[in-house]
Each structure stands twice: as C-alpha cells, then as structure tokens.
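Novice: Once you've had a glance at the structure underneath, I'll fire off some questions.
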Amino acid sequence: MAEKFIINGGKPLKGEIEVRGAKNAAFPILAATLLTRETCEIANLPLIEDVFRMIEIMKGMGSQIIWTGQRSIKINNSQINPLKIREDLVGLLRGSVLFFGPLLARFGKLRFPQPGGCIIGARPIDTHLDGFLQLGVNVSKNNSHYLLNFSKSKSKEVVLNEFSVTATENLMLFASLLPQRTVIKIADQDYQVKELARFLKKMGVKIKGEGTHEITVEGKKNLKGTKHSLIYDPIEAGTFIIMAAATRGNVLVKNVENAFLELPLKKLKDFGVPLKRVGKSAIRVLPWNKLKIDKIQSLPYPGMPSDLQSAFGVLATQSPGSTLVHDPLYEGRLKYLEEVNKMGAEIYFADPHRAIVNGPTKLQGRELGSLDLRGGAALIIAGLMAQGKTTIDNIYQIDRGYERIEERLQRLGADIKRIKI
C-alpha cells in the first residue's frame with residue numbers, strides 16, 4: 001500500500017540523532033559474500049528497502065541468510081544458482097549491478113537483466129562492461145539481458161572510462177577470484193571502495209592502493225568467510241547535518257564519518273553554519289545568524305557528493321542573492337528543484353545540469369512528489385523549513401535509503417507523520 005509523509009513545518013530541530021550503517025557500502029559487501037562458499041557475518045546493516053531487496057535477490061539464488069540480531073546477518077552462499085535470480089527485483093535496484101563481478105568470477109558465465117534504480121538521468125553500465133571486456137570477458141546483449149562469458153584473462157590492467165564507484169567495485173570483486181595481479185586505473189576513491197577493500201582483505205585478497213586512483217588486486221581461487229561491521233553512512237550524516245542547519249536547529253548528529261565529509265563540512269562552515277565537533281564521531285549543528293551560499297557543484301570524491309547536492313540546493317533557498325547549483329554527473333538530479341519552486345522558491349534552470357537559486361525565500365507547504373531517493377530527502381528538508389502543511393508522495397523512494405526517517409525526526413521535535421494512501 002502506498003504511503004506519504006505529512007509535515008507541518010516551521011519548527012527548528014532540537015536533540016540528538018544517530019546515523020545508521022552505510023547503505024552504499026552494504027551493497028558491494030553483500031555481493032562479495034558470493035565469492036566464497038564459507039559463511040560470512042555482516043553487522044550494522046541499515047534496515048532500508050534497498051538492503052532488503054538485495055537480500056531477497058540473494059535468497060532467490062539460494063543464499064542461506066539468517067538474521068542474528070536487529071542489524072546483523074549470517075550468510076552462506078555454498079548452494080547458489082544464478083539462473084534463479086529475481087529479475088523483478090533486479091529491475092528495481094541499481095545496486096544489483098554489483099552481482100556481475102562475483103557471479104561471473106565464480107561461474108564463468110552469466111545471464112543478467114538490466115539493473116534498475118533512481119530516475120536521476122542516464123545511468124548506463126558501459127564502464128562496467130568495458131572493464132570486463134579489457135579483462136577478456138565476452139559481452140553481448142540479448143533483448144533486455146546481458147550475456148557474459150569468461151575463460152581466461154587476456155590482460156592484467158584495466159583503465160576505466162570514468163571515476164565510477166560501482167564499476168571500480170565490480171572489477172575489484174571480479175579480480176578477487178582471479179589468481180593473478182590485476183591493476184584497476186582511474187579507480188574511484190570513495191568510502192564504499194575502501195570499505196569493500198577492507199572486507200576482501202579479510203577474505204584473503206591482497207589489495208593495494210584503495211583510496212587512490214590505481215588499485216591493485218591479487219586474487220586467489222578460494223576465499224574464506226569472515227565477519228565485518230559496516231561503517232556509518234556519510235551521506236545520511238550529511239543529510240541530517242544539512243537538515244538541522246536548514247531549520248536553524250540545535251542538533252547533535254552521532255556516528256559521523258568525518259573523513260568522508262571533509263569538503264561538505266568545510267563548505268557549511270564557509271556558508272555560515274556553526275558546526276562543533278564533539279568527540280571523534282559527533283557533530284553539533286548550531287543556529288546560523290547569516291547564510292551566504294554562492295555555488296554548489298557535485299564532483300567525485302573527495303569533491304562534493306552528488307548525493308548531498310539536493311540537500312544543499314534546498315538550503316540555498318535561504319541564502320541572499322544567487323546560488324549556482326551544478327551537478328555535471330546526472331542530468332535528472334535537479335528535478336527536485338521543480339518541486340521546491342511549487343513552494344515559493346525562485347529557481348531558474350539553465351540546462352538539465354545547472355540551476356540558479358535566488359534567495360532568501362519563505363517556503364510554503366504544498367503537495368509534492370518524491371522522484372528519487374536523495375531528492376525525496378531534500379523535500380523533507382523543504383517541508384520542515386516551510387510554513388504550513390507539506391505532503392510528500394511516493395515516499396518509498398525515501399525508504400530505500402533512510403531507515404524510518406519520520407520516527408527519528410519526531411524525536412527531534414519535527415511534526416511529521418506517515419500516512420497510508
């Protein structure tokens with residue numbers, strides 16, 4: 001049954017909120033368990049729809065998965081069959097693309113449907129396929145399915161076409177079962193890649209260079225099971241920090257992975273938001289007196305995360321003058337600004353990648369639609385800032401990445417509730 005959020009805004013958030021496990025690190029690590037027949041244990045999983053989907057896809061292939069705690073699972077993949085993959089779920093989940101690497105490495109051939117995901121623009125998997133081709137994989141497409149076959153590596157070096165997080169992870173997963181030294185160049189540096197490297201090393205893979213643009217993977221035919229606890233989600237932490245700033249609240253955000261948020265946190269301070277580090281992993285957000293934002297531009301790590309651009313874009317409506325919002329990565333990422341315009345914002349679109357936000361403007365509650373995960377979170381921020389009632393439909397998109405967000409915000413004093421349609 002469809003659900004929506006109803007928000008009565010205009011109240012500053014106050015209190016404490018804890019960040020959950022990293023959504024985008026969960027995907028490659030769940031996929032990595034397919035590389036071994038031995039049992040793996042994963043802790044600190046976020047209880048979100050995309051993780052549940054990933055687990056259901058694995059169960060459909062024969063994975064034996066037991067919940068051992070509220071956020072912990074035990075997985076054994078000794079009896080999996082890729083032919084039984086749940087195509088209906090693959091078509092809904094972008095993260096399912098990460099099954100390519102481990103399944104191909106383990107079985108030598110793979111028939112796989114087109115992965116789905118957020119509607120934030122063209123998201124082809126060409127970079128993944130090109131990387132596999134460079135390593136000697138035969139790639140073809142039959143209607144809506146990819147056919148991949150591999151017998152022997154023709155190269156020990158891959159040069160990616162772009163800084164792609166998932167392509168880097170996919171090739172790391174594939175190379176982990178190859179008894180050779182594989183070099184991945186133009187590799188992504190972000191937290192998900194580092195977290196995957198930590199997990200693969202525990203399984204017995206030798207990896208060097210994670211956190212740089214050249215990663216070396218020395219795989220082996222038999223990997224062992226292991227235990228791992230996920231890092232906390234930098235994007236969720238950033239969302240809550242910006243949310244607190246947007247409502248001019250006083251909020252302590254706990255479990256913040258500061259190392260992966262250095263630029264966003266610096267930018268917030270530059271814009272005029274008072275932030276205070278508390279201990280090693282908490283940030284207190286204090287009310288600002290004067291806000292000035294000139295430019296928000298998404299770039300691959302260590303640049304500004306595209307996943308936080310939408311939250312910053314809503315915050316920009318409260319900055320005097322003009323703010324350029326530029327997301328060169330995805331041409332559909334700015335669609336949430338069309339919804340914010342309905343609330344009284346003054347936003348002009350230069351092209352699918354750039355918009356000018358003129359402020360400050362007082363936002364008014366309206367009926368809105370959530371088109372994608374991060375845009376949906378941004379609309380919650382807008383609703384919390386606005387005067388009057390805001391209704392947000394299609395909140396399943398938000399549930400894909402934020403665990404029971406309304407309950408956690410209620411504890412900060414937010415007037416937000418979930419309603420079944």
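The values are calculated or read from the model by the stated rules, or taken from the named source; none is laboratory data. Predicted model, so just to flag it, every value in this text is computed and none were measured. We place every Cβ from the backbone using ideal geometry, glycine too, and count neighbours over all the protein chains shown.
Novice: Which numbered condition in (1) under 27 Å from residue 412 (Cβ atoms); (2) free of Cβ contacts under 8 Å to residues at least 60 places away in the same chain; (3) out of contact with any helix residue (DSSP H, G or I) (no Cβ under 7 Å at 6 or more places or on another chain); (4) not acidic (Asp, Glu) is the only one that residue 343 fails?
Specialist: The number of the failed condition is (3).
Novice: What number of residues within the range 371-394 are crowded, with 24+ Cβ neighbours inside 10 Å and either polar (S, T, N, Q) or within 11 Å of residue 6 (Cα to Cα) (or both)?
Specialist: Matching residues across the range 371-394 total 5.
Novice: Something else now. In the set 306, 310, 319, which member is touching a residue at least 12 places away in the same chain (Cβ under 8 Å), farther than 17 Å from residue 402 by Cβ and among the hydroxyl-bearing types (Ser, Thr, Tyr)?
Specialist: Unique residue meeting the criteria: 319.
Novice: So which residues in the range 203-236 are in contact with a strand residue (DSSP E or B) (Cβ under 6 Å, 6 or more places away or on another chain) and over 21 Å from residue 42 (Cα atoms), if there are any at all?
Specialist: Scanning the range 203-236 gives 208, 209, 214, 215, 216, 217, 218.
Novice: Kindly establish whether residue 404 is surrounded by 15 or more Cβ atoms within 10 Å (Cβ to Cβ) and either outside the structural domain of residue 95 (by TED's automatic domain parsing) or at pLDDT 95 or above (or both).
Specialist: no
Novice: When you go through 62, 10 one by one, which is the residue that is modelled with pLDDT of 95 or more, among the small types (Gly, Ala, Ser) and assigned by TED's automatic domain parsing to the domain that holds residue 248?
Specialist: 10
Novice: For the range 326-342, name all the residues that are outside any loop (DSSP other than H, G, I, E, B) and touching a Ser or Thr at 6+ places or on another chain (Cβ under 9 Å).
Specialist: The answer is 326, 336, 337, 339, 340.
Novice: Could you please find all residues in the range 379-421 being assigned to a helix (DSSP H, G or I) and within 19 Å of residue 46 (Cβ to Cβ)?
Specialist: Listed by number, the residues that qualify are 380, 396, 397, 398, 399, 405, 406, 407, 408, 409, 410.
Novice: Scan the range 343-366 residue by residue and report those that are closer than 13 Å to residue 317 by Cα, part of a strand (DSSP E or B) and not hydrophobic (A, V, I, L, M, F, W, C).
Specialist: Within the range 343-366, 346, 348, 358, 359, 364 meet the criteria.
Novice: Quick one: which residue in 131, 101, 116 is in a loop (DSSP other than H, G, I, E, B) and either surrounded by 14 or more Cβ atoms within 10 Å (Cβ to Cβ) or assigned by TED's automatic domain parsing to the domain that holds residue 372 (or both)?
Specialist: Within the list 131, 101, 116, the selection yields 116.
Novice: Based on what the data block shows, is residue 294 under 25 Å from residue 339 (Cβ atoms), acidic (Asp, Glu) and either touching a Gly at 6+ places or on another chain (Cβ under 7 Å) or modelled with pLDDT of 95 or more (or both)?
Specialist: yes
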